[in-house]
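S.K.: Take a look at this one; I'll ask things after.
The values are calculated or read from the model by the stated rules, or taken from the named source; none is laboratory data. Treat the numbers as computed from the prediction; the structure is a model and nothing was measured. Neighbour counts run over all protein chains shown; Cβ positions are idealised from the backbone, glycine included.
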Amino acid sequence: MIKKNLKEWEECLPHVEFAYNRAVHSTTELCPFEVVYGFKPITPLDLLPLPIHERVNMEASKRADYVKKIHVKTKELIEKKGKSNAARMNKKRKEMLFKPGDLVWVHFRKDRFPKLRKSKLKPRGDGPYKVLAKINDNAYSIDLPEDEFGVSNSFNVADLTPYDGEDLGASGYQEETSIARGEEQLDMKTDVKMAVKLDMELDMKISHGRAREEREACARGEEEVQAGPNPRPLKDKKEQMGSAMKNQTSLEE
């Protein structure tokens, strides 16, 4: 719709809004305009006479009852669609349950803890913290000092990871995350640094070995020249270049 109207795109917004409000939604099976006002908006293509049962110029009481029925039907369809989406999304979801007193790791989301996530090198979580109470199956109250972090102590289970430690109150569920494997990541970084250091030392040894082999080869070449049929001392490059220039001058004369 915009195409060549890149500089005047805001003038296209009313047309886009009208088209969206007139389109049938997959959840409600009605268009948003009909859900609110009880009828579909008319376009220039809808100038044909409407059937009697679809006309909206009815009495106020009948129209109010009609809109109420639409709202009830829309609510039922939205709940049905929500249950369908929840069943599809929770198919591979692992249930995570905690009890008051369990220890957990808390994940620091960037939008909730902006000061603690300014740098990628800063830790993405902290803990362990104790679970204070269960709000529902998806939310828990954590013993997080509000004066230190300045946020609410209610967290979704997506931001909580069971603390796998020696404390007997920790939950038995196991789920590996980047937070719980902090020590393992440090060990991996140390191993990588050691591997890089060993590679550099190996490269240096190879370079020194090649240089030594080249020097030995040059020394053997000099010995072979001196031990030839007409042994003569080797001249340096300056003397060789000077003799070559003299020979060229004599040939030109």
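S.K.: If you go through the range 74-110, how many residues are within 18 Å of A139 (Cα to Cα) and either without any contact (Cβ under 8 Å) to a residue 12 or more places away in the chain or not basic (K, R) (or both)? Please lay out each step first, then the result.
M.R.: Keep residues of the range 74-110 that are within 18 Å of A139 (Cα to Cα), which gives 86, 89-90, 93-109.
Still in the running and either without any contact (Cβ under 8 Å) to a residue 12 or more places away in the chain or not basic (K, R) (or both): 86, 89-90, 93, 95-98, 100-108.
Matching residues across the range 74-110 total 17.
S.K.: From the residues in the range 69-108 that are modelled with pLDDT of 85 or more and among the polar types (S, T, N, Q), which one is farthest from the chain's Cα centre (by Cα)?
M.R.: T74
S.K.: Identify the residue in the range 114-151 that is under 17 Å from P162 (Cβ atoms) and acidic (D, E) and, among all such residues, is surrounded by the fewest Cβ atoms within 10 Å (Cβ to Cβ).
M.R.: Across the range 114-151, the extreme among qualifying residues is D137.
Residues checked against (1) basic (K, R); (2) surrounded by fewer than 16 Cβ atoms within 10 Å (Cβ to Cβ):
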site	(1), (2)
K7	yes, yes
L13	no, yes
F18	no, yes
H25	no, no
C31	no, no
V36	no, yes
K40	yes, no
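S.K.: Take D111 and decide whether it is closer than 15 Å to F155 by Cα and either exposed (fewer than 11 other Cβ atoms within 10 Å of the Cβ) or modelled with pLDDT under 80 (or both). Don't jump to the end; show me each part of the working.
M.R.: Working: closer than 15 Å to F155 by Cα: yes; either exposed (fewer than 11 other Cβ atoms within 10 Å of the Cβ) or modelled with pLDDT under 80 (or both): yes.
It is true that D111 is closer than 15 Å to F155 by Cα and either exposed (fewer than 11 other Cβ atoms within 10 Å of the Cβ) or modelled with pLDDT under 80 (or both).
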